[in-house]
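In what follows, a single structure is set out as structure tokens and then discussed.
The values are calculated or read from the model by the stated rules, or taken from the named source; none is laboratory data. Keep in mind that what you see is a predicted model, and the values were worked out from it rather than measured. Counting neighbours? That spans all protein chains shown, and the Cβs are built from the backbone with ideal geometry, glycine included. Heavy atoms of the whole protein, side chains included, go into the accessibility calculation; ligands, DNA and RNA do not. Shrake-Rupley method; radii C 1.70, N 1.55, O 1.52, S 1.80 Å.
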Amino acid sequence: MGFVKNYLFPILGIFLAYYYYSASEEFRPEMLQGKKVIVTGASKGIGKEMAYHLAKMGAHVMVTARSEETLKKVVSHCLELGAASAHYLAGTMENMTFAEQFVAKTGQLMGGLDMLILNHITYVPLQLFRDDVRLVRDSMEVNFLSYVVLSVAALPMLKQSNGSIVVVSSVADTAMKAVSGILNSDASPKEECALEIIKGGALRQEEVYYDRSVWTSLLLKNPGRKILEFFSHRSYNMDRFIKNEELP
């Protein structure tokens with residue numbers, strides 16, 4: 001008990017204070033100037049707003065979604081806002097070949113990649129599961145497998161640029177309309193949410209929580225998990241794990 005009181009509690013106190021109050025690098029819009037960024041699901045909502053924010057910061061923007069006509073308008077507005085360049089390729093993320101080709105096309109057009117923002121999602125009704133395995137398979141292909149395919153295809157370019165991958169999960173705009181009458185909650189402002197996502201990606205933050213209530217971020221930033229991760233990682237030989245060497 002003496003050890004806990006004299007050592008463990010102070011250590012945990014210092015850790016928590018650092019976790020919540022340590023000053024991180026301040027975001028500056030020029031961090032994105034000239035950067036080459038992909039935004040998926042960019043025809044509306046948060047995806048479109050992220051493309052517009054990136055354009056204002058002078059980034060090279062590559063967007064995709066299903067609707068070619070909408071993407072044309074998004075790209076046109078990105079150029080008006082000051083994007084270093086703006087391109088699009090319309091298609092569906094149900095098609096894994098398209099996902100791979102989209103990343104390859106991005107490399108050809110922009111000569112590399114600094115940030116991959118995965119924001120697309122397929123519609124899944126908010127209802128009880130009724131043995132519809134096909135629906136689960138279809139949603140997993142778009143909402144999970146296509147993310148893996150895009151990330152794997154983009155990794156060579158991201159490694160070269162020391163870039164980053166941003167995965168978005170949100171309840172805003174069209175998502176709130178889809179669950180209207182079931183979930184009683186206000187949508188987060190898409191413009192502000194989009195900016196916070198970009199900031200988190202630029203600062204390479206592990207997680208970003210955005211909500212009107214300060215309690216959301218406070219409660220979701222779980223220090224207990226961080227503590228467990230810290231001690232758990234000490235049990236692994238990460239060098240050998242990364243090199244994928246066989247253990248004796």
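Using a simple spin-label model with points 7 Å from Cα along the Cα→Cβ vector, what separation in nm is obtained for E25 and R240?
Each label point is offset 7 Å from its Cα along the Cβ direction, giving 3.3 nm.
What ranking of E141, E26 comes out by heavy-atom accessible area, probe 1.4 Å, highest first?
On the way: E141 65, E26 140 Å².
The residues order as E26, E141, largest area first.
Which order do the peptides 162-168, 97-103, 127-133 take when ranked by the mean count of other beta-carbon atoms within 10 Å per residue, highest first?
Averaged packing, sorted descending, gives the order 97-103, 162-168, 127-133.
Return the distance in nm (one decimal) between the two label points of a simple spin-label model at D132 and E68, each offset 7 Å from Cα along Cα→Cβ.
Here the answer is 3.0 nm between the modelled labels.
Can you spot the aspartates and glutamates whose alpha carbon is less than 12 Å from K35's alpha carbon? Ignore those fewer than 8 places along the same chain.
Here the aspartates and glutamates satisfying the reach criterion relative to K35 are D114.
Expressed in nm to one decimal, what extension gain is obtained for the pair E80 and S161 from 0.36 nm per residue of sequence separation less their Cα-Cα distance?
That works out to 26.5 nm of additional length.
Which entries in the list K159/K243; K72/K199; K72/K105; K36/K190; K36/K159; K199/K226 go over 19 Å, if you measure between the two C-alpha atoms of each?
Result: K72/K199; K36/K190; K199/K226 exceed 19 Å.
Which length gain, in nm to one decimal place, applies between A104 and V208 when the Cα-Cα distance is subtracted from 0.36 nm times their residue separation?
Additional length available on full extension: 34.6 nm.
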